[in-house]
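See structure below.
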């Protein structure tokens, strides 16, 4: 079922909302939204709230059907393409003789409302609401955020220190080269000593590069972009990742079991056993399922392995889909951790090779200045040995400035190596800072809402699940749209925009009607409506459409 139009009268004046095939945002104040929803449900169920109201919808067979209620609630169904009246069974009439569209699809009003309507209570957490306790948690979360900001700032400072050392070493290299050049041929002893120092640095660099190659072994090398990504990831798989995946699978299996039980017990009247099953599903299994998926997603995120609503929807929320998805996630995390370890070995090797090349170039410049003919590694090694021997016999104090520069450069090189060995993982610190920001935003949202709210990630999963359940097409009933009654108003600005984007993605497969008077939501809808992806109806728009 997909809504096309709802027409009714307000204070004797005609009003109508024409629905977008994907997402329609209707702007109404809170006191009017309840009546509007009652009218929409009433025209379908046959209650008095739906009298003198008509709705046009497209059924699962693609037929455009007009359901019109007169002022006494009598219903007429017309197939608009042919003008033929659509008959309905007497068994689908209520006790007062009114046609019940929900009953014609094997649903009670309660079951249909649970499937279609998403209120703010859908995102209420299981924990007991205690404003004082949440305030204390918020204070602690803000303190952790401040500490994380401090660590992130410190890491940024360390990176700045690394860049500073590199710049100073480059300046000394230039100074040493200029002083050597100025010394000219009359300072041969000075040039020999400088060449001997360069030879010593080259031999050390060659030994370090050889050690790095043996450690790296025959592993394939990554390209620059892939190497940067791998270096930003942790090297160790979290110890609890497997248990988190098992928890997701267990919750999915239990959920499937309860859903199958409910479908097997489906009837017009919900018996006590079905009520207990539904209560366990809604109050225990569904929240635990969402929490398990969120925990697995958080543990996988540092490895750039994403478990988002799109991935869950693609895999399917059933046990088989979650089993396949969690297995893929475990394999991806293990592979990313191995890549991270190999990447660090590759970085060490590349640094050693770069230092080897740099020292070789310096040595070649020194030897060329002394008249050596360098044609290959053999000539280079022979020249290095020669200047080392000659430097031992030379004692010219005119190279003192250059020697001091060389000594300073060596100290700076050692300091750079120490900084780079203990350099913090900026990507991991940034990710942790982002997670803490989300925690603070969630706690602030709970305080503003006056009740515990789930996280934005959990809310997104709830939206995907509710859209999938409402839009499911089976033998017993039509797929249904989703009606969201300003359910995201209490989330923070960034989380709200993320969740509204999730609503838009859900609308790709399940029609969504979103009622709100929240300024941030209306602003988002205005930007989306300009591209034709959704429609936006203001209060004045509705009142002027006949």
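The values are calculated or read from the model by the stated rules, or taken from the named source; none is laboratory data. Every value quoted in this text rests on a predicted model; they were computed, and no experiment measured them. Neighbour counts run over all protein chains shown; Cβ positions are idealised from the backbone, glycine included.
Computed quantities for the displayed model
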item	result
In the stretch 203-224, residue nearest to the chain's Cα centre (by Cα) [restricted to those that are surrounded by 12 or more Cβ atoms within 10 Å (Cβ to Cβ) and part of a loop (DSSP other than H, G, I, E, B)]	222
Which listed residue is touching a residue at least 40 places away in the same chain (Cβ under 8 Å), out of contact with any strand residue (DSSP E or B) (no Cβ under 9 Å at 6 or more places or on another chain) and either under 30 Å from residue 282 (Cβ atoms) or part of a loop (DSSP other than H, G, I, E, B) (or both), from 242, 179	242
Matching option when the condition is touching a residue at least 40 places away in the same chain (Cβ under 8 Å) and over 30 Å from residue 132 (Cβ atoms), among 439, 379, 375, 425	425
Lone qualifier among 252, 228 - being assigned to a helix (DSSP H, G or I) and either under 30 Å from residue 318 (Cβ atoms) or modelled with pLDDT of 90 or more (or both)	252
Selected residue (only one of 484, 503, 522 is buried (at least 21 other Cβ atoms within 10 Å of the Cβ) and either modelled with pLDDT under 90 or assigned to a helix (DSSP H, G or I) (or both))	503
Yes/no for residue 509 being in contact (Cβ under 8 Å) with a residue 40 or more places away in the chain and in contact with a strand residue (DSSP E or B) (Cβ under 8 Å, 6 or more places away or on another chain)	no
Answer residue from the stretch 297-310, given it is surrounded by 15 or more Cβ atoms within 10 Å (Cβ to Cβ) and free of Cβ contacts under 8 Å to residues at least 60 places away in the same chain and is nearest to residue 227 (Cα to Cα) among those	305
Sole exception among (1) loosely packed, with under 14 Cβ neighbours inside 10 Å; (2) modelled with pLDDT of 90 or more for residue 185, by number	(2)
Test: residue 174 is within 30 Å of residue 280 (Cα to Cα), assigned to a helix (DSSP H, G or I) and over 24 Å from the mean Cα position of the chain (by Cα)	no
